[in-house]
Structure formats: C-alpha cells, structure tokens
Amino acid sequence: MAASDLRVTVIAADGRVLADSQSDTRTMESHASRPEVRDALAKGAGHSERLSVTTGRELLYYAVRYDVPAGGPIVLRFAAPLATVHETLAAFRRKLWFASVIILLLAGTASLLVTLGFSERIERLKEFSRRVAEGDFRPLPGDGSGDALEKLGASLNQTAARLDRTIRTLTEERNLSSAILGSMVEGVAVVSGAERLVFSNQSFAEILGLDLPPKSGSALVEIVRQTDLIEAVRRVLAGEPRVESESSRERSASIFSPRR
C-alpha cells in the first residue's frame with residue numbers, strides 16, 4: 001500500500017487507531033476529533049483536506065463506517081497526497097479532453113459525410129427536374145434509403161410518367177388532326193384570337209395562290225390579301241358563330257367559331 005502512495009487507517013469508534021499502512025499505531029494519537037472520522041461515524045462517510053501530523057504532507061482524507069457484526073462500528077479511512085490527486089485529476093482531464101476532441105472529430109466527419117450525401121441526392125433531384133423540363137422522362141433510380149428524399153423521388157417519377165403519357169396523347173391527337181385537316185380538299189386554317197395563323201393545309205395555300213402553307217404564327221394580315229376574308233375572321237373572333245364570305249378569287253369560305 002505504501003508503494004501506491006495511498007494510506008489506509010483502521011479506526012475504532014472511540015478514536016483509537018487499530019491499524020495503519022504507513023505508521024506505527026503505538027505512536028499515533030486518538031483520531032476521534034478528525035472531521036472525516038466524526039462524519040463517517042455520524043453519517044456513514046466523510047472527507048476532509050489538511051496537513052497530516054504523522055507524514056507532514058497535505059492529504060485528502062476519505063472515511064467510511066463499517067459495522068462489524070461481532071462488535072461496534074469501525075472506520076476505514078483512506079488518505080492520498082493532494083499532489084497525487086491533482087496529478088491524477090489533471091491526467092484524467094487530459095484524457096477527457098483528448099477523448100472529447102476525438103469524439104468531436106468523428107462527429108464532425110460523420111456530419112460532413114451525411115451532408116455531402118444529402119447534397120448529392122438533392123443535386124440528383126435537381127438534375128432529374130431539369131431532364132423532365134427538357135422532355136427526358138426517364139425515371140430516377142431509387143437509392144434504397146427509404147427516407148423522405150427517396151419518397152420525393154418516387155413522387156417525381158410518377159409525375160414525370162403522367163406528364164409523359166399526357167404529352168404523348170396530345171401529340172398523337174395533334175398529329176391525327178393535322179393529318180385529317182391536311183388531307184381535306186377544302187382549305188382549312190386555324191386562327192388565334194391575336195389574328196395569327198395556328199394551322200393551315202395545302203388547299204388553303206392554293207386558295208391564296210401560295211406554293212406552300214404559310215408558317216404557323218404568321219399574322220393573318222400578312223398572308224391574306226382579301227379584306228372580306230379578314231373581316232369575316234374578325235367577325236367570328238368577335239363572337240359570331242358562323243360567317244360565310246366569298247373572296248375576290250371567286251371561292252366561297254365558311255368561318256366557324258370553335259366555341260360552337
């Protein structure tokens with residue numbers, strides 16, 4: 001015990017020193033007045049710091065009461081040099097600080113990896129949205145995480161699939177309408193409310209004396225030179241359901257409103 005620099009003392013209830021790991025008990029005075037001994041007998045445990053009369057060093061004392069079945073209570077007192085205690089605490093604090101730094105580094109690294117992974121997944125969603133906006137409706141592969149971001153990706157996949165089906169349907173309907181209108185013998189033209197050409201077939205171009213149908217988006221007044229035909233279109237755009245007119249090229253025309 002002496003080698004460990006820890007002193008152990010066994011004290012009777014009346015203060016007599018029964019045993020000591022570093023001193024001869026015959027030369028030791030009564031310890032009944034020691035504060036740690038009094039607290040141990042009264043409360044079960046006690047401690048104090050002071051200069052040891054026996055060793056001449058500053059010691060930290062800790063005492064506990066132990067009830068002996070065959071007799072009265074005794075006190076087991078432990079004493080250690082304050083310098084040793086301070087060194088032990090300092091070493092513990094250094095280890096604690098080192099462990100804290102390691103934990104902070106590990107936590108920071110883990111947080112950085114999670115943030116990078118999260119950012120990468122966000123970029124994948126942004127790239128997928130950009131592809132959909134450009135007409136590329138290939139589904140976004142799942143990553144198996146099962147979290148909110150993967151659920152969002154699955155929802156975007158469903159939206160993109162529905163949008164793809166809708167666009168395909170509208171394209172097929174437009175192509176079918178264009179094929180039907182383009183094959184008609186009668187001249188057909190679709191004019192927007194801004195008096196711009198949306199669609200026209202070959203027969204309409206022949207009526208106007210053009211080799212090819214005019215481009216979509218062209219202003220009606222730039223294509224049609226017949227004022228009576230322009231006036232008929234304007235009357236229909238103004239609200240009349242049907243207007244019949246005869247152009248200067250001796251061809252009759254019927255103008256219908258799409259709202260009928």
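Could you grab me the full set of residues in the stretch 177-214 that are free of Cβ contacts under 8 Å to residues at least 40 places away in the same chain and among the small types (Gly, Ala, Ser)?
Matches in the stretch 177-214: Ser177, Ser178, Ala179, Gly182, Ser183, Ala189, Ser192, Ala194, Ser200, Ser203, Ala205.
Filter the stretch 112-134 down to the residues that are hydrophobic (A, V, I, L, M, F, W, C) and either under 17 Å from Ile167 (Cβ atoms) or open to solvent by less than 90 Å² (accessible area, probe 1.4 Å) (or both) and list them by number.
Scanning the stretch 112-134 gives Ile122, Leu125, Phe128, Val132, Ala133.
When residues of the stretch 10-50 are filtered for being closer than 25 Å to His86 by Cβ and under 60 Å from the mean Cα position of the chain (by Cα), how many remain?
Result for the stretch 10-50: 11.
Does Arg174 satisfy the condition of being within 52 Å of the chain's Cα centre (by Cα) and at pLDDT 85 or above?
No; evaluated as a whole, the condition is false for this residue.
For every residue, the table says whether it meets (1) assigned to a helix (DSSP H, G or I); (2) without any contact (Cβ under 8 Å) to a residue 24 or more places away in the chain; (3) open to solvent by 30 Å² or more (accessible area, probe 1.4 Å).
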residue	(1), (2), (3)
Ile11	no, no, no
Asp14	no, yes, yes
Arg26	yes, yes, yes
Val37	yes, no, no
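What's the total number of residues in the stretch 65-98 that are open to solvent by 40 Å² or more (accessible area, probe 1.4 Å), touching a strand residue (DSSP E or B) at 6+ places or on another chain (Cβ under 8 Å) and either touching a residue at least 24 places away in the same chain (Cβ under 8 Å) or of a type in the set (A, V, I, L, M, F, W, C) (or both)?
Counting residues in the stretch 65-98 that are open to solvent by 40 Å² or more (accessible area, probe 1.4 Å), touching a strand residue (DSSP E or B) at 6+ places or on another chain (Cβ under 8 Å) and either touching a residue at least 24 places away in the same chain (Cβ under 8 Å) or of a type in the set (A, V, I, L, M, F, W, C) (or both) gives 7.
Please tell me if Leu208 is more than 30 Å from Ala232 (Cα to Cα) and either open to solvent by less than 60 Å² (accessible area, probe 1.4 Å) or in contact with a helix residue (DSSP H, G or I) (Cβ under 6 Å, 6 or more places away or on another chain) (or both). Give the steps one after another, and end with the answer.
Working: more than 30 Å from Ala232 (Cα to Cα): no; either open to solvent by less than 60 Å² (accessible area, probe 1.4 Å) or in contact with a helix residue (DSSP H, G or I) (Cβ under 6 Å, 6 or more places away or on another chain) (or both): yes.
No; evaluated as a whole, the condition is false for this residue.
Restricting attention to the stretch 41-51, does a residue exist that is open to solvent by 100 Å² or more (accessible area, probe 1.4 Å), over 19 Å from Ser21 (Cα atoms) and modelled with pLDDT of 90 or more?
yes
Counting just the residues of the stretch 215-248 that are exposed (fewer than 13 other Cβ atoms within 10 Å of the Cβ) and part of a loop (DSSP other than H, G, I, E, B), which one comes out modelled with the lowest pLDDT?
Ser248
The values are calculated or read from the model by the stated rules, or taken from the named source; none is laboratory data. Keep in mind that what you see is a predicted model, and the values were worked out from it rather than measured. A quick note on method: Cβ atoms are made from the backbone with ideal geometry, for glycine too, and the neighbour counts reach across all protein chains shown. Heavy atoms of the whole protein, side chains included, go into the accessibility calculation; ligands, DNA and RNA do not. Shrake-Rupley method; radii C 1.70, N 1.55, O 1.52, S 1.80 Å.
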